[in-house]
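For reference, the structure discussed in these notes is given below.
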Amino acid sequence: MSAPQLSVIVPAYNEEMGLAETHRRLTGVLSGMDVDYEIIYIDDGSRDRTLEIVESLRASDDHVRLLSLARNHGHQIAVTAGLDAAEGDAVVIIDADLQDPPEVIPRMYERFLEGYDVVYGKRSGREGDSAFKKGTAFAFYRLLNALTDVEIPADTGDFRLVSRRAADAVRGMREHDRYLRGMFAWIGFKQTPVEFDRDKRFAGETHYPLRRMLKLAIDGVMSFSVKPLGAIAALGAIMAGAGLLWLIILLTLLLAGSKGLGLSAIAAMMLECSGLILTALGIVGGYVGRVYQEVQNRPLYRLARREGFNDR
């Protein structure tokens, strides 16, 4: 069995309600593209019938491949497992919730045939997102690009089509705290957007609550920037200057005969400085913790099952 021209990676965590529709729309698009393709579903430790549904899809469709992770590792690791297994000349990353429409894939593939290595989906409309999410996403991408030396396209997610060499380049980057859209921006090569309107989730609930969104944002900043460490030094210098100025003011007031200022002012300064010190330690600790995790050299994930692939 020869390698396909196109591999489609679909990470899935508790997606039993919409997976059949996702497969229907994917196969409808791919079968009309005149390419040999494979669809790689990654079950990310689901607790519902996601694995069972993928098994039934594989039984009825020779294009389906199955990766089942031993536990839930999170979206970025699940996509990485798909990249590791994909054999196509081009690789598509798309979520199973149908917010990113499969019907955009042919347009992406056309740009790939024109010579682009990374064709990323750029959201011109976000019907499925709340005003809060739209606002925080807008602010985050602008802040991220201000903090990093890598230009990460704004208003994009992980929905993209990448060439074989781009996929292999990212596969070779084995850090644990992964921010894939930043990693694809970092590798370079020829890149271009394809605009689309993002839809509402087809079924079920989002698997990216605020807590996970914040972690992804932190991963993005800390994986591609050390500027927060420089900001700590700058803040320390500012606080030292402010503290010296405040002591001069206090001394002047005391010499002028004012009373009752000393203890309360000093207590307020100590409280403020303690908070800033703890914040600084937290930022430094975040970087140190990442170094510790990488030094452990544990694998990114463990597979429970791998079915439908060529032996390689």
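The values are calculated or read from the model by the stated rules, or taken from the named source; none is laboratory data. Since this is a predicted model, take the numbers as computed values, not measurements. Reconstructed Cβ throughout: ideal geometry from the backbone, glycine too, with neighbour counts over all protein chains shown.
Here is how the numbers come out for the structure above:
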{"item": "The range 84-103, residues that are touching a helix residue (DSSP H, G or I) at 6+ places or on another chain (Cβ under 9 Å) and under 13 Å from Phe196 (Cβ atoms)", "result": "Ile94, Leu98, Pro101, Pro102, Glu103"}
{"item": "Count of residues meeting criterion [over 20 Å from His75 (Cα atoms) and not in a strand (DSSP E or B)] in the range 1-20", "result": "5"}
{"item": "Candidate set from the range 163-181 (those that are over 16 Å from the mean Cα position of the chain (by Cα) and aliphatic (A, V, I, L, M)); member that is farthest from Glu110 (Cα to Cα)", "result": "Ala169"}
{"item": "Answer from Ile277, Ile266 - the residue that is over 29 Å from Ser46 (Cα atoms) and either in the same structural domain as His73 (by TED's automatic domain parsing) or at pLDDT 70 or above (or both)", "result": "Ile277"}
{"item": "Candidate set: the range 288-301, residues that are modelled with pLDDT of 70 or more and under 18 Å from the mean Cα position of the chain (by Cα); chosen: the one surrounded by the most Cβ atoms within 10 Å (Cβ to Cβ)", "result": "Tyr301"}
{"item": "Any hit, the range 46-54, residues being surrounded by fewer than 24 Cβ atoms within 10 Å (Cβ to Cβ), within 21 Å of the chain's Cα centre (by Cα) and in the same structural domain as Glu195 (by TED's automatic domain parsing)", "result": "yes"}
{"item": "Residues (within 21 Å of Ile105 (Cα to Cα) and in contact with a Lys or Arg (Cβ under 8 Å, 6 or more places away or on another chain)) located in the range 25-65", "result": "Glu38, Ile39, Ile40, Tyr41, Val64, Arg65"}
{"item": "Residue list for the range 1-27, filter: of a type outside the set (A, V, I, L, M, F, W, C) and more than 24 Å from the chain's Cα centre (by Cα)", "result": "Ser2, Pro4, Gln5, Glu21, Arg24, Arg25, Thr27"}
{"item": "Identity of the residue in the range 17-28, out of contact with any Leu (no Cβ under 8 Å at 6 or more places or on another chain) and surrounded by fewer than 18 Cβ atoms within 10 Å (Cβ to Cβ), that ends up modelled with the lowest pLDDT", "result": "Met17"}
{"item": "Some residue of the range 30-39 being touching a residue at least 12 places away in the same chain (Cβ under 8 Å) and under 21 Å from Leu303 (Cβ atoms)", "result": "yes"}
{"item": "Some residue of the range 28-45 being within 25 Å of the chain's Cα centre (by Cα) and in a loop (DSSP other than H, G, I, E, B)", "result": "yes"}
